[in-house]
Amino acid sequence: MCGIVGYIGKKDAVQVLVDGLKKLEYRGYDSAGIAVYGGKNENKRNTCTGNNIVVVKCKGRLDSLQEKIKNSIIRGNMGIGHTRWATHGEPNDVNSHPHVSHSSKIAVVHNGIIENYTELKEFLESEGFEFVSDTDTEVIANLIEYFYKYYHKEEITNAVVNSLKLLEGTYALGIMCEDFPDRFIVARKGSPLVIGLGENENFAASDIPAILAHTRNTYILDDDEVALIKQDQVIVYDGFGNEVKKEVFKVDWDITATEKSGYEHFMIKEICEEPEALRNIINSRIKDGEIVAGDLSIIENEAARVNKIFIVACGTAYHAGLVGKQVIETLAKIPVEISIASEFRYQDPIISPGDLVIVISQSGETIYTLFALREAKRAGARVLSIVNTVGSSIARESDNVLYTLAEPEIAIASTKAYNNQLAALYIVALAFAMKRRTVNDRAALEIMEEIKRIPELVAEVLNHREEVQKFAARHYNSKSVFFIGRGLDYALSVEGSLKLKEISYIHSEAYAGGELKHGTIALIEEGTLVVACVTQNYLKDKIMSNIKEVKARGTLVLAVTQSRFTCEVSRTADIVITIPDMNQLLVPMVAITPLQLLAYYFAVQKGCDVDKPRNLAKSVTVE
Ligand code: M6R
């Protein structure tokens, strides 16, 4: 939700900021803007400005901003930038960031929400400050100016620190003051922020991809920290103004992970990366017939004592949790409760100190999941997180982290991260089962061997992706698509349905096969497309009956099934997509891939903006 960048050094700040914003567009893309210190504003047509800070911003994608920059005079070696996902005020030029204070002395970019902005605005208005936008961010710019003008004329950092004390809500902030050409300030509470350390230049950004082309040395800011960033120095303060000694976090990502590398979209690139991503996690955690969990004390030392597990997550990560619940209960025989993170803390969950909470998140920054984690810790539970982004808030606040090792995921629609979240959950389930002796050594070994085969099975599915593409070319005009399945296939259906609707905008619902006739079947009509998942032998006859029920009402049925059931399923379904034969408990890691491809090719056929679907942002950091 919104991306911010900052730069100070010798390079052209405009270029550095725009390049950084390109890497953050996945966080929001309804408007964008930059503020750069330096260069008189000789052309005021398209800019709003103080004497030394020039701001160019506008509604729309980065292309529109770049166009506007071309027609403006904006140059300098220090600046801040923003790409927006609107929360307060519609996306338009005025509401775009950066926001400048009343006298244009202070410029601010912000990711987060200020909950008490109305009160603060009223106060500032009573002090003579005028506002032009509908945003909460403009309040921050004016509040800093208020403190700066009246109390801290000499030092902008103190004005910032005092302003932050009054803010309720969440923020990652980039701040410039026209009296200080040698520094910008960043601050964080609840929204991610990383500082990039260069040679005679320094950077700040909401996420690592924005600075990866310049440096791999970073400081990851913690909540309540404020940093003063100069060309040759970065000083970090805690919430009380004490200097903090930060550890350098070295990023070891492959830079191509943030490039399309010849693929038309990040989404298809990331689907094609699934075998490799799965290999990363599986090979690092399963070695010589053992689960490697030395770094996970919850598994190593506490597995036998866990009474109950809660799984908490949002969106696709929650759908991975639906699979995880069934797998943990089947293998480790521990009762698992699963909750949507945004509901969790309001449900007053009954958590006891012996319970384990597993939170799942690709970004590691989803605010609901982070709050759920804190709630769980308050209640005395241990927290194991399954996270993709190294150094993210959720990873840092958990007792143990099992990294999914899927490398950065850029497309808004989560694909390879989901497969790896599943792999992580299978590993956890099996590790618990082995410690609790709910599966014997032989069975455990067989499951581990099967898990090791998963990357090649996914690769096999990808080799036949034209089948899905051809199907999409014929049926992408479907108005409504229903997904059905039972047991693990139901969990799979829910994720298949989300993928389709979020990127192709086709209405879609997922139902447990037996539940459809309790109401929703009324929506089924002649020609409706139904996608049926038929991978579980013990439920096959049941789901086949459900398929017959919808066929009897004139639907077109696409079935996803294991090779050994193809003959039988194709007698009823119209089209069958086959995945290789495998252990049915492990199927979701492989069977999700054709569903992701289906969503992708439908969206491509419809001409949708696959990587940046409307209204969405990759990381949801506001409540
Ligand atoms: O970063 P997280 O895994 O915590 O994100 C959770 C959801 O916001 C995310 O999975 C969302 O549902 C994706 N758009 C799904 O493709």
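Data overview
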{"item": "The lone exception for PHE371 - which of (1) more than 13 Å from the ligand (Cβ to nearest atom); (2) surrounded by fewer than 24 Cβ atoms within 10 Å (Cβ to Cβ) it fails", "result": "(1)"}
{"item": "Number of the exception - LYS416 against (1) closer than 17 Å to PRO192 by Cα; (2) of a type outside the set (A, V, I, L, M); (3) surrounded by 22 or more Cβ atoms within 10 Å (Cβ to Cβ)", "result": "(1)"}
{"item": "Residue count, segment 345-368 (criterion: away from the ligand (no atom under 16 Å from the Cβ), surrounded by fewer than 24 Cβ atoms within 10 Å (Cβ to Cβ) and either in contact (Cβ under 8 Å) with a residue 40 or more places away in the chain or not in a loop (DSSP other than H, G, I, E, B) (or both))", "result": "6"}
{"item": "Qualifying residues in segment 374-402 (those that are within 12 Å of the ligand (Cβ to nearest atom) and outside any loop (DSSP other than H, G, I, E, B)) - the one surrounded by the fewest Cβ atoms within 10 Å (Cβ to Cβ)", "result": "ALA395"}
{"item": "Selection from segment 403-434 of residues that are part of a helix (DSSP H, G or I) and within 14 Å of the ligand (Cβ to nearest atom)", "result": "LYS416, ALA417, TYR418, ASN419, ASN420, GLN421, LEU422, ALA424, LEU425"}
{"item": "Filter pass, ALA522 being at pLDDT 95 or above and more than 32 Å from the chain's Cα centre (by Cα)", "result": "no"}
{"item": "Hits in segment 7-29 - residues which are of a type in the set (Asp, Glu) and outside any loop (DSSP other than H, G, I, E, B)", "result": "ASP19, GLU25"}
{"item": "Residue, farthest from the ligand (Cβ to nearest atom), within segment 476-507, restricted to residues that are among the aliphatic types (A, V, I, L, M) and in a strand (DSSP E or B)", "result": "ILE484"}
{"item": "Residue tally, condition under 20 Å from the mean Cα position of the chain (by Cα), assigned to a helix (DSSP H, G or I) and more than 11 Å from the ligand (Cβ to nearest atom), over segment 316-344", "result": "5"}
{"item": "Condition met for ALA317 (touching a strand residue (DSSP E or B) at 6+ places or on another chain (Cβ under 6 Å) and either within 22 Å of LYS189 (Cα to Cα) or at pLDDT 95 or above (or both))", "result": "yes"}
{"item": "Any chance ARG453 is more than 15 Å from the ligand (Cβ to nearest atom) and modelled with pLDDT of 95 or more", "result": "yes"}
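The values are calculated or read from the model by the stated rules, or taken from the named source; none is laboratory data. Keep in mind that what you see is a predicted model, and the values were worked out from it rather than measured. Glycine also receives a Cβ, built like all others from the backbone with ideal geometry; neighbour counts cover every protein chain displayed.
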